[in-house]
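Okay, so here's the structure we're looking at.
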Amino acid sequence: MSQPEEPTGPVNNAAGADRTVGDEFFVGYLPTPAGHRRAAVIAVVIIGVLLAGVAGVVAWAQRDPGTGTWQSDRTSSLEGVVVIAPYALLRTADESGVVVTVILVSEGKFGATDRLRDHDGKTVRIRGTMLERDGRRMLEVSSNADAVTPLDWPVARRAGLLPESPRPLGRATLRGEFIDPKCYIGAMKPGGGKTHKACAQLCVGGGIPPMFVTRSQDGSEDYFLVIEEGDRSAAVTVIPYLGDPVEVGGEVEMRGDLRVLRIDTTTILRI
Amino acid sequence: MSVGYKAVQWTHSKKVYDVVIVAGVLLYLATFIIVGKIAWRGDRAISDEILLIRALGTCAIVMLHIVLAIGPLARFFPRLSPLLYNRRHLGVATFLVAAAHGTIVLGYYHGFGRLNPFVSLLTHDADFGVASSLPFQLFGAMALVILFIMAATSHDFWLRNLSARTWKSIHMMVYACYVLVIAHVMFGALQAERSSLYPALLAAGVIGVTALHVAAGLRERRIDKQPWAAIDQDKKGAWIDLGDCRDIPNSRARTVCVDGRPRIAVFRNGDDLCAVQSVCAHQGGPLAEGKIIDGCITCPWHGWQYRPEDGRSPPPFEERISTHRIRSRDGRLELNALPEPPGTAVPPARLPEEMT
């Protein structure tokens with residue numbers, strides 16, 4: 001039989017009389033001696049001040065989550081040409097008529113390539129929610145069956161949105177981080193770094209196109225869509241390095257407004 | 001009052017203790033979230049889920065530091081014993097806060113994907129050979145499992161059924177848990193965050209907890225390193241001269257160390273002296289730092305009681321501890337270092353007249 005923390009009647013009543021100044025003794029099931037109560041109150045106040053102080057300082061010092069936004073409460077509708085290269089992209093015209101490339105992804109941690117493969121090179125209207133950071137746009141395609149509607153545009157209108165020939169910018173060695181752009185651009189803030197690694201691996205493993213981000217001294221960032229030789233997806237190659245600071249070499253080219261890095265898979269180095 | 005098991009046998013001090021814990025947790029979380037929302041707002045606002053994950057995670061770490069600091073602090077400042085008394089409640093609360101952190105992480109970072117969140121947690125790509133790629137979330141998950149085991153076995157039901165020794169061994173895993181939590185932070189958040197404040201705070205916490213434990217350990221070691229020498233040996237064992245016992249306050253005890261044996265508590269009960277092992281049958285509390293209350297030796301940790309004359313808990317309780325014989329010879333008091341079987345009645349020794 002085990003002792004309860006409150007013993008039965010005969011043992012717990014006279015302790016108060018037994019307690020004298022300088023010989024106080026605390027027992028949880030008896031009234032707390034004044035000295036112990038005073039010490040406990042002081043300790044609790046000190047701990048409370050420490051708790052608030054640590055919480056405030058730790059919360060204040062958090063890293064900048066970036067300026068990404070996700071208009072998850074508003075449905076956007078974009079019209080343009082789907083390009084699978086090798087990830088799902090939409091070439092569309094913005095409000096001022098300038099052709100922009102929007103990365104397409106699905107809801108959750110999934111890409112949209114398989115869903116849109118049959119629309120490669122065709123004109124469509126796509127509904128979803130928009131994410132944007134530093135001018136880089138992404139559309140999370142709605143899971144509704146009618147989210148993608150084929151459009152029958154005149155050839156001339158469609159031609160203006162067809163992919164241009166890549167413009168080579170030369171070989172480069174870049175330092176930065178492989179990211180899953182959906183979270184980084186606005187789905188999670190912050191959506192990069194070591195603490196995001198596992199999530200990024202799920203995203204890129206689920207088909208969201210991997211990107212590479214470099215940071216300048218002034219805090220500005222450049223984004224590169226990452227592919228491999230032969231315009232193949234680089235997902236499998238970069239998954240182990242997502243979230244880590246790395247150095248990587250490859251060929252850089254512009255595809256319209258989209259900067260693309262064709263990585264040399266033998267050059268990836270953690271730094 | 002009961003001698004059976006209850007989920008929690010509420011006392012006033014337990015209620016106050018738990019209210020303080022809840023208030024402390026809410027204070028921490030509210031401060032963190034409010035400051036986090038002020039520091040980063042508008043387009044640069046941190047996701048609510050991430051803010052909550054960070055608030056809960058850091059709160060659990062702070063609580064773990066408090067849990068670990070209370071023990072040694074109460075050794076140095078006995079008036080802090082009210083903080084120690086219900087420390088298990090703080091431990092369970094630490095688990096609950098850490099579990100909330102882990103649950104949101106599991107759903108947010110490992111959910112919504114092609115894998116079961118648990119599969120994702122256990123299999124996400126990592127490289128054990130590279131510090132920047134160590135799977136820090138696994139360290140956190142292992143720490144959470146330890147906290148769960150400790151919280152689930154925190155009740156006296158388990159203490160009784162697992163034996164005090166096994167129970168204590170399980171709960172010493174808190175130190176493994178602490179190491180895992182430090183690794184979780186070092187190879188996770190510290191690699192992602194840029195402020196040097198975080199490693200500085202973590203280092204302060206680790207140094208503080210380590211220093212308190214080392215200081216408390218050295219203090220105990222100093223006591224153990226001064227064993228009392230035997231002056232006589234017979235078939236009952238070695239006899240130790242207790243010297244002048246007038247300085248033992250009434251109802252209090254003196255600690256006697258014998259090489260290689262558990263400490264002995266020599267209690268003064270009026271003009272009588274009695275000796276028992278100084279290790280409480282409950283959680284190994286130091287009975288020599290206890291007090292005789294209502295005729296019973298009372299443990300300073302949780303108030304468990306034993307009769308000085310036979311080391312037995314008063315009915316209806318059944319705990320027993322070893323007793324030691326004390327004899328009066330030639331005006332001197334001598335203690336036998338060999339423990340009697342637990343619960344053995346031994347006659348008290350009367351203080352010689354010159355010592356009263």
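Since every read-out is calculated from the coordinates, none of them should be taken as a lab result. These numbers were taken from a predicted model, which means no experiment stands behind them. Here the Cβ is made from the backbone with ideal geometry for all residues, glycine too, and neighbour counts use every protein chain on show.
Structure note, pairs B:LYS168/B:LYS236; A:LYS122/A:LYS197; A:LYS122/A:LYS189; B:LYS236/B:LYS291; A:LYS194/B:LYS168; B:LYS14/B:LYS168: Cα-Cα distances above 26 angstrom occur for B:LYS168/B:LYS236; A:LYS122/A:LYS197; A:LYS122/A:LYS189; B:LYS236/B:LYS291; A:LYS194/B:LYS168. The residue list B:PRO72, B:LEU106, B:LEU121 was ranked by how far each Cα lies along the charge dipole of the stretch B:1-125 toward its positive end, using unit charges on Cβ atoms, and B:PRO72 comes out on top.
In the elastic network of chain A, a GNM with C-alpha springs shorter than 10 Å, the most mobile of A:SER216, A:SER76, A:SER96 is A:SER96. Shielding value for A:218-230 is 0, the average number of Cβ atoms from other chains within 10 Å of each residue's Cβ. Of the residues A:ILE271, B:ILE70, B:ILE293, the one with the fewest other Cβ atoms within 10 Å heads the list, and the complete ranking is A:ILE271, B:ILE70, B:ILE293. Say we join alpha carbon atoms closer than 10 Å with springs in a Gaussian network model of chain A; which of A:GLU95, A:GLU253, A:GLU24 then has the biggest fluctuation? Taking springs between Cα atoms under 10 Å, the residue moving most is A:GLU24.
In this rough spin-label picture, where each label sits 7 Å from Cα along the Cβ direction, the A:GLU107-B:ASP294 distance is 6.4 nm.
Comparing mean-square fluctuations of A:LEU90, A:LEU261, A:LEU151 from a GNM of chain A with C-alpha springs under 10 Å, the top value falls on A:LEU151.
Label positions at B:PHE157 and B:VAL119, each projected 7 Å from the Cα along the C-beta direction, are separated by 3.5 nm. Taking 7 Å steps out from each Cα toward its Cβ at B:TRP10 and B:ARG219 produces label points 3.4 nm apart. Neighbour counts of other Cβ atoms within 10 Å put A:THR195, A:THR113, B:THR103 in the fewest-to-most order B:THR103, A:THR113, A:THR195. In this structure, B:LEU338 and A:ALA61 have a Cβ-Cβ separation that, at R0 = 56 Å, corresponds to a calculated FRET efficiency of about 0.40.
If R0 is taken as 30 Å, the Cβ-Cβ distance between B:PHE76 and B:GLU318 corresponds to a FRET efficiency of 0.35. The mean number of Cβ atoms from other chains found within 10 Å of a Cβ in peptide B:39-46 is 6, as a whole number. Take each residue of peptide A:41-48, count the partner chain Cβ atoms within 10 Å of its Cβ, and average: the result is 4.
By the count of neighbouring beta-carbon atoms within 10 Å, fewest first, A:THR265, A:THR101 end up ordered A:THR265, A:THR101. Applying 1/(1 + (r/R0)^6) with r as the Cβ-Cβ distance of A:ALA172 and A:THR265 and R0 = 22 angstrom yields a FRET efficiency of 0.90.
Unpaired Cys in chain B, meaning no second Cys C-beta under 4.7 Å: B:CYS59, B:CYS177, B:CYS245, B:CYS257, B:CYS274, B:CYS296.
Most tightly packed first, judged by the mean number of other beta-carbon atoms within 10 Å of their residues, the peptides A:52-62, A:161-171 read A:52-62, A:161-171.
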